[in-house]
Amino acid sequence: MTKPKSDSSFLVIRRDNIGDLVCTTPLLRALREHFPAARIDALVNSYNRPVLEGNPDVDHVYHYTKAKHRAAGETVLGVHARRLALMWQLRRHHYDYVILANGGYLQRPLKLARWVAPRAVIGFVPVGQAAPGIDLPVAIDTLQRHEAENIFRLLQPLGISGPVPAMRVVPQPALLAAVRARLQQLPWGTQAPLRVAVHISARKELQRWPADRFVALMRALHQRWNCAFLLFWSPGDEHNPHHPGDDRKAATIMAGAGDLPVMACPTEQLDELIAGLAACDAMVCSDGGAMHLGAGLGLPMVSFFGNSDAWKWHPWGVAHEVLQMDSRKVEDISVAAAEAAFARVMTARS
C-alpha cells in the first residue's frame with residue numbers, strides 16, 4: 001500500500017461502454033473525497049465523454065475517437081494522428097498514478113498507461129500470475145459484485161475502502177434548461193406531479209419490451225399516479241445494420257398513448273439523453289447505458305433484465321426494482337408485474 005500526497009495527480013482510464021463509465025463514477029467520487037486538492041483527470045472515448053462532463057469529481061476529461069466513430073470525411077490516419085498527439089499531451093502531465101478502470105487484465109490500456117509514464121499504474125491482475133507493468137496490483141477474483149463495487153476495489157492500494165458511493169452524472173445546464181422550456185410549452189408541462197422517463201431502446205434483442213406493453217403500462221401508471229411521460233428512444237430505422245433505431249416503435253407507442261401526457265424525446269446525442277432524464281422524477285427502462293445514466297442522476301426506477309447479470313449491472317445507489325424472468329427474455333415480463341414494481345419503488349422512495 002502507498003500513501004498518496006494530498007496534491008497527487010491521477011489519470012483514470014475507462015475505454016468501455018456508457019454503463020461501464022457510469023459505474024466508474026463512484027471511484028472518481030471517492031478519489032475526490034479523499035484527495036480534494038488532487039488533480040483527477042479521465043481518459044475516455046469521444047462517444048462517452050458527456051458521461052463525465054460537468055462532474056465535480058473530475059478536473060479534465062480527455063477523449064479520443066475510435067476509428068469507427070470518426071466524423072464524416074475524417075480519415076483513419078487523421079484519427080490516429082490526433083490520438084498520438086493526445087498521448088504526448090498526457091505524458092507531459094507526469095501523473096503520479098494511472099488507474100486502469102476496467103474489470104480485467106487488458107494489454108491495450110496497459111500499454112497506453114505505460115506510455116503516459118506515471119509514477120505507478122494501478123490495475124487488476126489474475127491471481128497468482130505475474131503482471132508486468134502493473135505497479136500496484138489488485139487481484140481479480142470470482143466473487144459476485146456489482147461493477148461499481150468491483151471497480152471501486154482499485155482504490156485499495158491507495159488506502160481507500162468502502163462504502164461505495166452512489167454514481168454521479170451531471171446534465172449540461174443549457175440542455176436541461178431547454179428540456180424544461182419544452183415542458184413549459186405543453187398544456188400539462190407544469191401540472192404533472194410526477195414525470196416518468198420511459199426509455200424503450202435496447203441494444204440486445206432479448207432486452208426489448210414490446211410497444212403495446214409500454215402503452216398499457218403508461219396508461220396504468222397515469223391512472224394511478226396522474227403522471228406524465230417523457231418517451232426516450234434511439235432515433236433511426238430498425239433495419240440499419242450499423243446504428244439501428246426505434247422510430248417505428250416510438251411512433252406506435254405515441255399513437256397508442258395519444259390521449260396521455262407524453263413528450264417525445266428522440267436523442268441523437270448522449271448529452272441530450274442525460275439532460276432529458278434529469279428533467280424526470282422516475283424511470284422505466286431495460287438494462288443498458290440509459291439505465292445507468294438514470295441511476296447516476298438519482299432516479300428511482302424499474303428496470304427490465306434479459307440475458308445479462310442483474311447482480312452485476314442493476315441500478316446502483318437508487319431505489320429500484322429489477323424484473324427478470326427465468327426465460328431471460330424481457331418480452332416475458334407482464335404489465336402487471338411492471339406496474340406493481342413501480343408502485344413498490346415509489347412507495348419505498350416516499
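The values are calculated or read from the model by the stated rules, or taken from the named source; none is laboratory data. Keep in mind that what you see is a predicted model, and the values were worked out from it rather than measured. Cβ atoms come from the backbone with ideal geometry, glycine included; neighbour counts cover every protein chain shown. These accessible areas exclude ligands, DNA and RNA; they are computed on the full protein's heavy atoms, side chains included. Shrake-Rupley method; radii C 1.70, N 1.55, O 1.52, S 1.80 Å.
Can you list the strands (runs of 3 or more DSSP E) lying wholly within region 136-236 that have 2 or more residues being open to solvent by less than 20 Å² (accessible area, probe 1.4 Å), at pLDDT 95 or above and not acidic (Asp, Glu)? It would help to see each step written out before you state the result.
Working: elements: 136-139, 195-199, 228-233.
So the answer is 195-199, 228-233.
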With the first residue restricted to region 56-70 and required to be more than 21 Å from residue 91 (Cβ to Cβ) and open to solvent by less than 50 Å² (accessible area, probe 1.4 Å), and the second required to be at pLDDT 75 or above and part of a loop (DSSP other than H, G, I, E, B), Cβ contacts under 8 Å at 6 or more apart or on different chains are 57/168
Filtering region 309-328 for residues that are part of a loop (DSSP other than H, G, I, E, B), open to solvent by 10 Å² or more (accessible area, probe 1.4 Å) and not β-branched (Val, Ile, Thr) leaves a count of 9
Within region 264-294, the residues that are surrounded by 21 or more Cβ atoms within 10 Å (Cβ to Cβ), touching a strand residue (DSSP E or B) at 6+ places or on another chain (Cβ under 7 Å) and outside any loop (DSSP other than H, G, I, E, B) are 265, 273, 276, 277, 282, 283, 284, 285, 286, 290, 291, 294
Filtering region 207-227 down to residues that are more than 15 Å from residue 334 (Cβ to Cβ) and acidic (Asp, Glu) yields none
For region 237-259 the number of residues that are touching a helix residue (DSSP H, G or I) at 6+ places or on another chain (Cβ under 7 Å), open to solvent by 20 Å² or more (accessible area, probe 1.4 Å) and part of a loop (DSSP other than H, G, I, E, B) is 2
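With in contact with a helix residue (DSSP H, G or I) (Cβ under 7 Å, 6 or more places away or on another chain), open to solvent by less than 20 Å² (accessible area, probe 1.4 Å) and farther than 23 Å from residue 162 by Cα as the only criterion, which of 44, 22 stands out? Show your work before the answer.
Values: 22 fails: farther than 23 Å from residue 162 by Cα.
Answer to the check: 44.
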Q. Could you say whether any residue in region 107-124 is at pLDDT 85 or above, open to solvent by less than 10 Å² (accessible area, probe 1.4 Å), in a loop (DSSP other than H, G, I, E, B) and hydrophobic (A, V, I, L, M, F, W, C)?
A. no
